[in-house]
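Participant: Could you have a look at this structure, given as structure tokens, before my questions?
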Amino acid sequence: MLVERSRTIKQPLERVFEYVSTPENDPTWVPASLRHHKISPGPLRVGSITEEDVAFLGRRMRYVWEVCHYEPPSAFSARTLSGPLPFTIHLLLESVDSATELTLVVDAELRGVYKLMEPLMKWVVQRQFKTQLRTLKNLLESGTADNARAG
């Protein structure tokens, strides 16, 4: 299952990349993310490991992620190492005038009951991406992202 959605955010490319590539920020803009933190030492890079608790389709799940692509300030990807659904998420950023075009792409390998539910799953992820991008845009453009992170 492949889902892609984009949004323009009126903030510099570096600012958007810094925010979206910091796992601890996820609960402020990703509705499903309850907690997300880096568990490997050092700065974020290819091979870094993070752990995230999410709520999705009424279930609480834990995922362990590995950063598989890290190219500041234009691309960031992570794949699941554990969790009920194997998938990779890509965040692609492009400077457009004085703004940033952020594209979220998920490539999920649906199995079992999730495979049977693929049309519903795709619809849910599309709606979630729409909400995430709207929330991120509001946070970064209003300056409340700084307050959310500090709090």
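Participant: Considering only residues that are part of a loop (DSSP other than H, G, I, E, B), of a type in the set (D, E, K, R) and within 27 Å of Pro84 (Cβ to Cβ), which ones fall in the stretch 8-44?
Facilitator: Let us first name the residues in the stretch 8-44 that are part of a loop (DSSP other than H, G, I, E, B), namely 10-12, 21-22, 30-32, 39-44.
Still in the running and of a type in the set (D, E, K, R): 10.
None - no residue of the stretch 8-44 is part of a loop (DSSP other than H, G, I, E, B), of a type in the set (D, E, K, R) and within 27 Å of Pro84 (Cβ to Cβ), so the list stays empty.
Participant: Exactly one of these conditions fails for Leu133: (1) in contact with a Leu (Cβ under 8 Å, 6 or more places away or on another chain); (2) open to solvent by 20 Å² or more (accessible area, probe 1.4 Å); (3) modelled with pLDDT of 95 or more; (4) assigned to a helix (DSSP H, G or I). Give me its number.
Facilitator: So Leu133 meets the others, but not (2).
Participant: Here's another thing I want to ask about it. Check the stretch 59-72 and report whether any residue there is assigned to a loop (DSSP other than H, G, I, E, B), touching a residue at least 60 places away in the same chain (Cβ under 8 Å) and open to solvent by 30 Å² or more (accessible area, probe 1.4 Å).
Facilitator: No, the conditions are met nowhere in the stretch 59-72.
Participant: Go through the stretch 31-43 and count every residue that is within 14 Å of Ala78 (Cα to Cα) and surrounded by 17 or more Cβ atoms within 10 Å (Cβ to Cβ).
Facilitator: Residues meeting the conditions: 2.
Participant: Just checking, how many residues over the stretch 44-58 are within 17 Å of Phe76 (Cα to Cα) and open to solvent by less than 70 Å² (accessible area, probe 1.4 Å)?
Facilitator: Here the count works out to 7.
Participant: Given the structure, is Thr80 out of contact with any strand residue (DSSP E or B) (no Cβ under 8 Å at 6 or more places or on another chain) and of a type in the set (Ser, Thr, Tyr)?
Facilitator: No, not satisfied.
Participant: Does the stretch 73-91 include one or more residues that are under 25 Å from Leu140 (Cα atoms) and in a loop (DSSP other than H, G, I, E, B)? I'd like the intermediate steps shown before the answer.
Facilitator: Step one: list which residues in the stretch 73-91 are under 25 Å from Leu140 (Cα atoms), which gives 73-78, 88-91.
Add one more test, that the residue is in a loop (DSSP other than H, G, I, E, B), and what stays is 73-74.
Yes, the stretch 73-91 has at least one match.
Participant: Still on this structure: Can you give me the number of residues within the stretch 74-88 that are modelled with pLDDT of 95 or more and surrounded by fewer than 18 Cβ atoms within 10 Å (Cβ to Cβ)?
Facilitator: 5
Participant: If you don't mind, there's one more thing I want to ask. Under the condition of being without any contact (Cβ under 8 Å) to a residue 60 or more places away in the chain and either over 16 Å from His36 (Cα atoms) or acidic (Asp, Glu) (or both), which residue from the stretch 89-108 is most open to solvent (accessible area, probe 1.4 Å)?
Facilitator: Asp97
Participant: Okay, moving on. If Ser21 satisfies all but one of (1) open to solvent by less than 40 Å² (accessible area, probe 1.4 Å); (2) modelled with pLDDT under 95, what's the number of the condition it fails?
Facilitator: Result: Ser21 passes all but (2).
The values are calculated or read from the model by the stated rules, or taken from the named source; none is laboratory data. Here the structure is a predicted model, which means the values were calculated and not measured. Cβ sites come from the backbone with ideal geometry, for glycine too, and all protein chains shown count toward neighbours. Each accessible area value is taken on the protein alone, full model and side chains, heavy atoms only, with ligands, DNA and RNA left out. Shrake-Rupley method; radii C 1.70, N 1.55, O 1.52, S 1.80 Å.
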